[in-house]
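The values are calculated or read from the model by the stated rules, or taken from the named source; none is laboratory data. Model, not experiment: these values are computed from the prediction. Virtual Cβ from ideal backbone geometry, glycine too; neighbours counted across all protein chains shown. With ligands, DNA and RNA removed, areas are computed over all heavy atoms of the protein, side chains included. Shrake-Rupley method; radii C 1.70, N 1.55, O 1.52, S 1.80 Å.
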Amino acid sequence: MPSSLIRSRYLITHAVSRTEANVIDDGAVLQRDGKIVEIGTYQDLLSRHDVDEILGGADSVITPGFVNAHHHLGLTPVQHGCQDLPLELWFASMIQQRDVDPYLDTLYSAFELIASGVTTVQHLSGWSGASAEQIVADSERMIDAYRDIGMRVSFSHGVWDQNHLVYGDNRSFAESLPGDLGSRTAAHLQARELPLEEQLGVFEHLFERHQDSERTRIQLAPNNFHWCSDAALDALRDHAARFGVPMHMHLLETPYQKEYALRRTGGSAVEHLERRGLLGPDMTFGHGVWMTEADIEILAATGTHICHNPSSNMRLRSGTLPLDAFERKGIRVAIGIDEAGINDDRDMLQEMRLVKNVHRVPGMDDRVPGSGQILRMATEDGAHTTPFSHEIGVLAPGKAADLVIMDWNAIAQPFQRLDRDISVLDAVIHRAKASGVKTVLVAGETVYRDGQFTRVDREAILLALAERMARPLTPAEEDRLKLGRELMGPVKAFYDGWLDNEVREPFDQRNSRR
């Protein structure tokens, strides 16, 4: 691989505090064979090294590549006809998803991710029912998409062995439905009841095939507490230890999930998972909105990570993460865009800005996220939720040359530099947009430059996807569309009374008004 010298006006290497980052004026990165060799000023590095290519320029700002630490789909749920509903109803609406080529679908979102500076994605697959063989085939197509576009991916097929629609037994729920609806629901749920050993076999196949790849890692994903029996949780824990891989698990996204844990265990989901040995630096909990103060103490003591998905939490009425409480306890918190961001796309710069602003609680105390904290969440903290944790997340010698080059003029205009009280980092966090992302490098390779992807033809892929989605619905898609619509009322009725004695907002929001 050729060497390159990447020049900037401002080189942001990593966050150093809640509010600040290390910034080198006229900074540059020397990379060779995909690894950072040296960091310094442009003129000094240029005078001492011969390189094959010079990238960036005197009007550029460089940051580490961003990590989208929680991602599922290409075409968004809205594009599939699914409205933003409370999560438990949204699950039912997602039954109506169209069948999409997983390769094209994955590239669709990868285009948006890379164009907003994302170099690594945590892809959590596994929503539709299929045989183990089909799951492997579909997973390989998704991984192929990331390989072809040049992106890093930590890939998991989510494991679930119970409660595939509501937070209760599949058969009991289906039997509670009248006539034909009950039998159709039972058949739909039965198709998703893949034996646990076959689901773990999917992981083993993908791990053996891809674990030595430079840009692909395979890890485990217990889908959620309500979706995993204790037997599944124990098996996943043992598999993670055996194969030396981290895990990523949805947890406590809504108050209904908190109530489910209480009914199942008599207490907290976090306490139950700690007793079963699943917590620690190799576990990340996605969402985590409905954590108690005792839960947060446990996470801090065990070094367990959180992935914050603010757009999803807002769109599906799940609540607001107690980010300040996590920050005070030193818990690593990554950022994930989940299915789609607030604008129904995958714009990481926008998601970072949303995190910065959604937690601005009333009062004059310094309890709001700082720009250094946001940068760290989108880079270093995100890296620690993946198997790439020692390779990415900061710009330093020996690390992978994953970085983003942005147009400084697009950030600062009409000024050359903003007011002295606005740091370079503040300017990037507040004002950088995907339209200002000029170049993205993964492992030293330019995968995106001036709006063009270097490895794949974006327009050809989008055309192929459009042609496929223009086809009439298949009989199976028609049946799912009808089933999803008919199940809305019964699913809503299932949860009637669940929250009668529950305070309906996370504790940090209550505390902020005291």
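Worth pointing out:
- Subset of K35/K329; K329/K492; K258/K482; K399/K438; K258/K433; K329/K356 violating a 27 Å alpha-carbon distance limit: K35/K329; K329/K492; K258/K482; K258/K433
- Alpha-carbon spread of region 326-400, three principal axes, descending order, Å: 43, 31, 18
- Furthest towards positive pole of dipole, I12, Q31, A69, structure part region 6-95, Cβ charges: A69
- Per-selection Kirkwood Rh - region 42-162 (Cα, Å, 1 d.p.): 17.0
- In this structure, D457 and R328 have a Cβ-Cβ separation that, at R0 = 56 Å, corresponds to a calculated FRET efficiency of about 0.70.
- Computed from backbone phi with θ = phi - 60° and the Karplus coefficients 6.51, -1.76 and 1.60, the 3J(HN,Hα) list for region 287-301 is 5, x, 5, 9, 6, 8, 4, 5, 4, 5, 4, 5, 4, 5, 5 Hz; x is used for glycine and proline.
- Computing FRET efficiency as 1/(1 + (r/R0)^6) for H390 and E175, where r is the C-beta to C-beta distance and R0 is 35 Å, gives about 0.10.
- Across region 59-117, the mean sequence separation of Cα contacts (distance under 8 Å, 6 or more residues apart), normalised by length, yields a relative contact order of 40 percent.
- Along the axis of the charge dipole computed for region 21-83 (Cβ charges of +1 for Lys and Arg, -1 for Asp and Glu, origin at the Cα centre), the listed residues V78, G40, A58 are led at the positive end by V78.
- Loop-resident trypsin sites (Lys or Arg not before Pro) (DSSP state other than H, G, I, E or B) in region 1-38 with no more than 15 further Cβ atoms inside 10 Å of their Cβ: R18.
- Near the amide H of H70, within less than 5 Å, lie the amide hydrogens of Q122, I337, D338, all on another chain or at least 5 residues away, with H placed in the peptide plane.
- Think of each Lys and Arg Cβ as +1 and each Asp and Glu Cβ as -1; about the Cα centre, that makes the dipole of region 6-57 roughly 180 debye.
- Stretched out straight at 0.36 nm per residue, the stretch from T265 to D33 would grow longer than its current Cα-Cα span by 78.4 nm.
- Considering all different alpha carbon pairs of region 175-230, the Kirkwood hydrodynamic radius works out to 14.1 Å.
- Per-residue packing, averaged as other Cβ atoms within 10 Å, sorts the ranges 201-210, 78-87 into the order 201-210, 78-87, beginning with the highest.
- Alpha-carbon centroid distance for the pair region 196-257 / region 70-135, whole angstrom: 18
- Size-normalised alpha-carbon gyration radius of the chain, reference 2.2 N^0.38 Å: 0.97
- Along the axis of the charge dipole computed for region 187-303 (Cβ charges of +1 for Lys and Arg, -1 for Asp and Glu, origin at the Cα centre), the listed residues P255, H239, H188 are led at the positive end by H188.
- Residues F494, F453, F155, ordered by accessible area of protein heavy atoms at a 1.4 angstrom probe radius and largest first, appear as F494, F453, F155.
- Theoretical FRET efficiency, 1/(1+(r/R0)^6), r = Cβ-Cβ of E297 and E477, R0 45 Å, to 0.05: 0.45
- Under the convention that each Lys and Arg Cβ holds +1 and each Asp and Glu Cβ holds -1, the size of the dipole of the chain around its Cα centre is about 940 debye.
- Check: region 247-366 dipole with +1 on Lys, Arg Cβ and -1 on Asp, Glu Cβ, in debye: 220
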